[in-house]
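Note sheet for the following structure.
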Amino acid sequence: MITFSNQTVFAQKYVDESSGLMDRIYFGGNFGLQFGSYTHIEASPIVGYMISDKLSAGVGVIYQYFKIRGTSQVGDYETNIYGGKLFGRYNFSQQLFGYTEYENINLDVIFNTSNGYELGRAWVPAYFIGGGYFQPIGNRAGFTVMALYNILHNPARSPYNSPLVLRVGFTI
């Protein structure tokens, strides 16, 4: 099995009133690959805007591909998840920040119908609140850890196992 870890990229920029538009915009996102009996491919780019040196906001798109090779009792399963997100970040200090994110993703869910259970697609929202720690490594790079809580978590529909989500990444 080959695995590349998820990477979250957030700019650690400092802006003031004289900063131009291009100084305030930053890019990043998530990228992940895993191959083997369980295949996961993710590409979720973001673009952010530094409103001030402490406050930023942005948007992103989400795409994930999953494939699980089945056993003799269960067949193969393959799906695509897609959607978008809006986020905000407030830097309390150079290392500590608060974070909020609203995402809405389209994925396979199980519906309980009069004919029994059926698999179908649905839009599933999530609203994360939490914070994180940024450890600078060099001029612009750094290590990021975030602990987020999904206040809209629905165990029957959410792709997340728990309302608590931990994200680890590197800033480039």
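The values are calculated or read from the model by the stated rules, or taken from the named source; none is laboratory data. Quick caveat: nothing in here was measured; it's all calculated off a predicted structure. So basically every Cβ, Gly included, is an ideal-geometry build from the backbone, and we count neighbours across all protein chains shown. Accessible surface areas use protein heavy atoms only, side chains included; no ligands, DNA or RNA. Shrake-Rupley method; radii C 1.70, N 1.55, O 1.52, S 1.80 Å.
Return the residue satisfying two criteria in turn: it lies in region 55-72 and is of a type outside the set (Val, Ile, Thr) and under 20 Å from Thr39 (Cβ atoms), and of such residues it is modelled with the lowest pLDDT. Looking at the filtered set, the residue picked out is Ser72. For region 27-49, the set of residues classified as touching an Asp or Glu at 6+ places or on another chain (Cβ under 9 Å) and acidic (Asp, Glu) is empty. Tallying residues that are open to solvent by less than 70 Å² (accessible area, probe 1.4 Å), modelled with pLDDT under 85 and either among the aliphatic types (A, V, I, L, M) or part of a loop (DSSP other than H, G, I, E, B) (or both) within region 3-38 yields 13. If you take the residues of region 82-120 that are at pLDDT 95 or above and over 20 Å from Tyr149 (Cβ atoms), which of them is nearest to the chain's Cα centre (by Cα)? The residue in question is Gly84.
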